[in-house]
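Q: What follows is a single structure, and I will ask about it in a moment.
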Amino acid sequence: MSMPERAATALAEMAACHECDELHRVPVLAPGATARCHVCGAVLARNPRGGLDRPIALYITALVLLLLANIFPFLTLEIGGRKEVCTLFGASRAMYNAGMGELAVVVFLTSILAPALMMSSGLYVMLSVRFRQSWPAVRLLLAWIGHLEPWVMLDVFMLGVLVAFVKLGNMATMHTGNSLYAFVGLILVFAAASSAFDRHLLWHRLGVPRRKRP
């Protein structure tokens, strides 16, 4: 084995495939390279050619869209000559005032708080790594991003909105607001940002081995 091969093997990290749990030794990847499971073909790690610039731009865009989705009206309902303007945060507040406190908390957590925390935490970590700055709590935030991810349910909230459109279509006239378009854009941009966000690459650049889940 040549010296470069021995060095790559020494720097390789052990990783379990998230699809089939096969254990692999993932080497340091060249720009544009992707490591896949040799059993099921799932992606284990990748090193994008553009580095962190693309995911950083996507996360910034997602944060701007989340802000716009919470500023402008989401829906306007006309029922019996009355107009009710609903915002994204107002939907949670209306559920709480209607006595559905638990559901209001879940909607607020999954559609506003968890996405905001995940985007800001991911952006904080990537900027720290990108500019090679040792910012406080970077490793802690990177470790907790995986715990936040299951709580981000933007697509589920959008599905609920579509169901409400169908059920209320014969009872009220509904007008979509700018917030709804921003929210649809947020779902698409956040999906792209999550796909470009590679924790394996970030842990490697931080110089700290990851803990693998069984």
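The values are calculated or read from the model by the stated rules, or taken from the named source; none is laboratory data. All figures in this text were calculated on a predicted structure; none of them were measured in a lab. Every residue, glycine as well, gets a Cβ built from its backbone with ideal geometry; the counts of neighbours run over all protein chains shown.
Q: Given the structure, is Gly99 in a loop (DSSP other than H, G, I, E, B) and out of contact with any strand residue (DSSP E or B) (no Cβ under 7 Å at 6 or more places or on another chain)?
A: yes
Q: Within region 176-197, does at least one residue satisfy the condition of being touching a Gly at 6+ places or on another chain (Cβ under 7 Å) and outside any helix (DSSP H, G or I)?
A: Step one: list which residues in region 176-197 are touching a Gly at 6+ places or on another chain (Cβ under 7 Å), which gives 197.
Among the residues that remain, those that are also outside any helix (DSSP H, G or I) are: 197.
So far as region 176-197 goes, yes, one or more of its residues are touching a Gly at 6+ places or on another chain (Cβ under 7 Å) and outside any helix (DSSP H, G or I).
Q: For Gly207, all conditions in the list (1) surrounded by fewer than 14 Cβ atoms within 10 Å (Cβ to Cβ); (2) assigned by TED's automatic domain parsing to the domain that holds Met118; (3) under 30 Å from Met14 (Cα atoms) hold save one; what is the number of the exception?
A: Of (1) surrounded by fewer than 14 Cβ atoms within 10 Å (Cβ to Cβ); (2) assigned by TED's automatic domain parsing to the domain that holds Met118; (3) under 30 Å from Met14 (Cα atoms), only one is false for Gly207: (2).
Q: Quick one: would you say Ile187 is more than 30 Å from Cys86 (Cβ to Cβ) and β-branched (Val, Ile, Thr)?
A: On the way: more than 30 Å from Cys86 (Cβ to Cβ): no; β-branched (Val, Ile, Thr): yes.
Here the answer is no, as Ile187 does not meet what is asked.
Q: Okay, moving on. Run Arg93 past the list (1) exposed (fewer than 15 other Cβ atoms within 10 Å of the Cβ); (2) of a type outside the set (A, V, I, L, M, F, W, C); (3) in contact with a Pro (Cβ under 7 Å, 6 or more places away or on another chain) and report the number of the one that doesn't hold.
A: (3)
To keep it simple, each residue is scored yes or no on (1) of a type outside the set (Ser, Thr, Tyr); (2) at pLDDT below 80; (3) over 18 Å from Leu58 (Cβ atoms).
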| residue | (1), (2), (3) |
| --- | --- |
| Leu142 | yes, no, no |
| Pro150 | yes, no, yes |
| Val156 | yes, no, yes |
| Gly160 | yes, no, yes |
| Val166 | yes, yes, yes |
| Val184 | yes, no, no |
| Ile187 | yes, no, no |
| Ser195 | no, no, no |
| Lys212 | yes, yes, yes |
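Q: Please count how many residues of region 54-84 are in contact (Cβ under 8 Å) with a residue 60 or more places away in the chain and over 27 Å from Gly122 (Cα atoms).
A: 6
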